[in-house]
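Asker: Have a look at the structure that comes next, please.
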Amino acid sequence: QVQLVESGGGLVQAGESLRLSCAASGTIFYINAMGWYRQAPGKQRELVATITSRGSTKYSDSVKGRFTISRDNVKNMVYLQMNSLKPEDTAVYYCNADARTSFWSNYYDYWGQGTQVTVSS
């Protein structure tokens, strides 16, 4: 099993910054893509940003230019630097990893418990 633990959420004012971190632990053979998703109240979970093991990134249009995803493959960490935050960025942010636990196992999607980000106007 792979466990993901997020940290770094909180309450900030519009225009400020936050940095989210996610640590992967457990029986990890290889992590392919990692990413951040978010879910606002009454809305479906949506993709924020993803990053492959080689560093290729993808962002949703709503965060492009403001958020930056990065990862540390040695430490099995993924980060999300969020700048110029807006009230519409308020959501629970979830870490995701596409990983396998052994050479013979399939890849599975793993999720963290989420961290709350609240941006006041």
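The values are calculated or read from the model by the stated rules, or taken from the named source; none is laboratory data. Since the model is a prediction, treat every value here as computed from it, not as a measurement. Cβ sites come from the backbone with ideal geometry, for glycine too, and all protein chains shown count toward neighbours. To get the accessible areas, we keep the full protein, side chains included, count just its heavy atoms, and leave off ligands, DNA and RNA. Shrake-Rupley method; radii C 1.70, N 1.55, O 1.52, S 1.80 Å.
Asker: Using only Cα atoms, what Kirkwood radius does segment 56-121 have, in angstroms? Don't skip to the answer; put the middle values down first.
Answerer: On the way: mean 1/r = 0.0718 Å⁻¹.
Computed over Cα pairs of segment 56-121, the Kirkwood hydrodynamic radius comes out at 13.9 Å.
Asker: Please give the net charge around Ala91, taking every other residue with its beta carbon less than 10 angstrom from that of Ala91, where Lys and Arg add +1 and Asp and Glu add -1. Can you show the working numbers first?
Answerer: Values: positive: Arg38, Lys43, Arg45; negative: Glu46, Glu88, Asp89.
Its environment carries a net charge of 0.
Asker: Here's another thing I want to ask about it. According to a simple spin-label model (label point 7 Å from Cα along Cα-to-Cβ), what is the distance in nm between Asn32 and Asp109?
Answerer: If labels sit at Asp109 and Asn32, their model points lie 1.2 nm apart.
Asker: So, one more: Report the local net charge at Trp111: Lys and Arg +1, Asp and Glu -1, summed over other residues whose C-beta lies under 15 Å from its C-beta. Display every interim value, and only then the final one.
Answerer: Working: positive: Arg38, Arg45; negative: Glu6, Glu46, Asp98, Asp109.
Taking every other residue near Trp111 into account, the sum is -2.
Asker: Let me ask something else. If the elastic network links every pair of Cα atoms under 10 Å, which of Tyr94, Tyr37, Tyr107 fluctuates the most in the Gaussian network model of the chain?
Answerer: Of Tyr94, Tyr37, Tyr107, the most mobile in the Gaussian network model is Tyr107.
Asker: Measuring with a 1.4 Å probe in the full set of protein chains, what accessible area per residue, in whole Å², belongs to the chain? If you can, show how the numbers build up before the last one.
Answerer: Numbers: 6640 Å² over 121 residues.
It amounts to 55 Å² per residue over the chain.
Asker: Roughly how many debye, to the nearest 20, is the charge dipole of the chain about its Cα centre, given +1 on each Lys and Arg Cβ, -1 on each Asp and Glu Cβ, and no other charges? Write out the running numbers ahead of the final one.
Answerer: On the way: 12 positive and 9 negative charges, 38 e Å.
Dipole size: approximately 180 debye.
Asker: Across the chain, how large is the tail of the calculated P(r) beyond 25 Å, expressed as a percent of all Cα pairs? Present the calculation step by step, with values, prior to reporting the outcome.
Answerer: On the way: 1441 of 7260 pairs.
It works out to 20 percent of all Cα pairs.
Asker: How much net charge surrounds Asp72 when only other residues with a Cβ under 14 Å from its Cβ are counted (Lys, Arg +1; Asp, Glu -1)? Working shown, then result.
Answerer: Working: positive: Arg19, Arg54, Arg71, Lys75; negative: none.
Local charge sum for Asp72: +4.
Asker: At 1.4 Å probe size, put Arg19, Arg100 in order of accessible surface, largest to smallest.
Answerer: Numbers: Arg19 120, Arg100 50 Å².
Highest to lowest solvent-accessible surface, that is Arg19, Arg100.
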